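Okay, so here's the structure we're looking at.
No value in this document is a laboratory result; all are computed from the given coordinates. Note that the structure is predicted; figures quoted are calculated from it, not measured. Every residue, glycine among them, receives a Cβ derived from its backbone with ideal geometry; neighbour counts consider all protein chains shown.
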Amino acid sequence: MTAAPRPALGGTGSPGAGDGAPAAPLPRVLWRALTLSARRTAGDAGQLALNAAFYVLVTTVLAQLWKAAAASLGGEIVGYTAVALVWYIAATEMAVNSIPIHLIPEIGDDITTRRIEVELLRPTSVMAVRVAHTVGRVLPRLALLTVIGVPLAWALGGAPPRPITLLLLLPSLVLAMTLNVVLQHAFAALSFWFGEAKSGWFLFQKLVFVGGGMLLPLEVLPQGVAGVARYLPFAAVAYAPGRLSSGHVEPWWLAVQAGWLVVVGGLTAALFTGGLAHMQRQGA
Amino acid sequence: MAALQVWWMTWRTAWLAAVANRRGFVTQITIMIVNDVVWVLFWVLVFSRVDEIRGWRLGDVIVLFAVLTTSAGVVLGALHNSRQIADYVLSGKLDALLNLPGPTLPHLLLRRVETLFIGDAIFGVLLFVLLGDPSPGRFAVFAFGVVCAVVIQVGFLVAAGSSAFFIRQQEPGEMGLHSILLFSSYPVDVFGGATKFLLYVVVPAGFVSSVPARLIDDFDLRWAAATVAVAATVALVGRQVFQLGLRRYTSGSSWV
């Protein structure tokens, strides 16, 4: 009996490299992973309710804060009116709060305990399947937060500054969420070498909270810092949907987000391939 | 007396376990301090654009944040299981504590120390000492505020987590934690009308950070007494809900 070719290190073996039975093509595997986890999340009403309640709390609190700040300056701060700020916060919170908060530690845990090794048995990319699975897990949450977020922002702030930008908001949210998931995989992959993911998790959160504009528009940062922050992928995760939602007709943010998705996707794939190879070299 | 000794031994063991890995202990504390510095940076950035928000200036918010991080650090670090009650109830881990002498709740609360959040407590004290314009009087009120805030948070988390005894869900406990910490992170005057009322009464976040911060700047005996009364009430409610739930507890090791 001829031994079947072993999947390449990092689980990036070509489709069809399994034990006799032809493997499903990669897009179909990813689609299955995505839809299965999406269905599972959609069925978890308790977790969805918690997620929605937390979103409403955070958005309400931050919207009140920024409205109060804008009011103390006569109704406008760094070029944003109180209404624009409310819509900004509602969108950034949709994009970021849809992601499970402990995603990086969860992936890091799978890496440090070597549970991830089992996934090498699949003749597909470990990282791609994981990302597809997580995107599927997040999509129902993002849909729910969008459905809640739009009327919430309307109630807290008033009508959207430019309703047309809400059309851009939807694809921007999906791109932001996907990029966020991939970025979190990249940060978690560092635990292949460092043996823990918690530090990376805290670092990532803060980079998105402040450097990515989740808590405040980047214009609030000192000019030089804001200039740098705009060119980092974290801005594409939070600031981009916030900017569009707050009435700025800037469709190029979608291209920026897609570009970052390609770059960060490649980097994360490389980190996973290198990390899994490193793990195999270390042995049991 | 025997119960006190067991509580002390339990807590001591939890601390020894937490500091056993010296390097990990220091790393985690450092991570949390860096994390908190970013929050201070957030406030500095906000107040770089506005002088004050509804009567709160940067210095006031720094004091508020010092009270919150110190108290939350004590609650989530030294009394970590205050946020794990639902997990203990639903997984049946509570069984192991029922044979111990004395009331079960203190055993549960003192059983685990989480290093990461000890960093919050250290940061809060450092923040107050460095930027809170400390004096013996202000420090005494700071300590008073922190103690009250700890009691309120523990009582609230115990009550919220104990809902798992009745509805067998973990979510209300989680939501309780998020809501009290979130609302305590901002000056209560940022909110208006009904929300403000809720923050003094339903989720007593106003008494966790805003009232102690105001007391440090301008001590008022009536507000201090109100804070003590709220802390005592919330602690009592937490204990009662836990006790009531415990009577219904039939272990999480369900056969069905």
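Here residue A:67 is the anchor, and the aspartates and glutamates within straight C-alpha reach of less than 20 Å, apart from those fewer than 8 places off in the same chain, are A:76, A:93, A:219, B:51, B:52, B:60, B:189. For chain B, what D do you get in µm² per second when you plug the Kirkwood radius from alpha-carbon pairs into Stokes-Einstein at 10 °C and 1.306 mPa s? Roughly 83 µm²/s, to the nearest whole number. Each semi-axis of the equivalent ellipsoid for the protein assembly as shown is √(5λ) with λ an eigenvalue of the Cα gyration tensor; in descending order they amount to 39, 32, 22 Å. Mind giving me the FRET efficiency for residue B:222 and residue A:170? R0 is 51 Å, r the Cβ-Cβ distance, nearest 0.05 is fine. It comes to 0.50.
Got a sec? Charge dipole of segment B:184-245, +1 on Cβ for Lys and Arg, -1 for Asp and Glu; which of B:221, B:206, B:245 is way out at the positive end? Farthest towards the positive pole: B:245.
The alpha-carbon of residue A:198 sits under 18 angstrom from the alpha-carbons of these lysines, leaving out residues fewer than 8 places away in its chain: A:206. For the pair segment A:234-270 and segment A:171-204, the centres of their Cα atoms are 15 angstrom apart. Qualifying chymotrypsin sites (Phe, Trp or Tyr not before Pro) in segment A:176-284, where qualification requires a DSSP coil assignment and no more than 16 other C-beta atoms within 10 Å, comprise A:231.
Normalised by the residues of chain B, what does the relative contact order come to in percent, with Cα pairs under 8 Å and at least six apart?
Working: 371 pairs, mean separation 67.6, N = 256.
Normalised by residue count, the contact order of chain B is 26 percent.
When chain A is described by a simple charge dipole with +1 on each Lys and Arg Cβ and -1 on each Asp and Glu Cβ, the residue from A:49, A:63, A:161 located farthest towards its positive end is A:49. Screening chain A for whole DSSP H helices of 20 Å or more along their axis (Cα) with average Kyte-Doolittle hydropathy at least -1.0 returns A:26-43, A:45-72, A:82-97, A:126-157, A:165-189, A:252-282. Using Cβ point charges alone (K and R +1, D and E -1), the dipole size of chain A about the Cα centre works out to roughly 380 debye. Taking B:100, B:236, B:76 as the candidate residues, the one with maximal mean-square fluctuation in a Gaussian network model of chain B, Cα springs under 10 Å, is B:100. Name the residue, out of A:115, A:230, A:243, whose mean-square fluctuation peaks in a Gaussian network model built on chain A with Cα pairs under 10 Å. Highest fluctuation of the listed residues: A:115. Simple point charges give the picture: +1 on the Cβ of Lys and Arg, -1 on the Cβ of Asp and Glu, and for the protein assembly as shown a dipole about the Cα centre of about 1000 debye.
Only helices enter this figure: runs of n ≥ 4 DSSP H residues, each worth -39500 (n - 2.57), summed and divided by the residues of chain A, yield -22500 deg cm²/dmol at 222 nm to the nearest 500. Mean residue ellipticity at 222 nm, helices only, chain B: -24000 deg cm²/dmol; runs of at least 4 DSSP H residues each add -39,500 (n - 2.57), and the sum is divided by the number of residues. A simple spin-label model places the labels of residue A:40 and residue A:119 1.2 nm from each other, with each point 7 Å out along Cα-to-Cβ.
Take the Cα of residue A:278, step 7 Å toward its Cβ, do the same at residue A:263, and the gap between the two points is 2.2 nm. For the residues B:173, B:102, B:193, a GNM of chain B with alpha-carbon springs under 10 Å puts the largest fluctuation on B:193.
Helices that extend 15 Å or more along their long axis by alpha-carbon positions and average at least 1.0 on the Kyte-Doolittle scale are, among the DSSP H runs of chain B, B:22-49, B:58-73, B:115-131, B:136-167.
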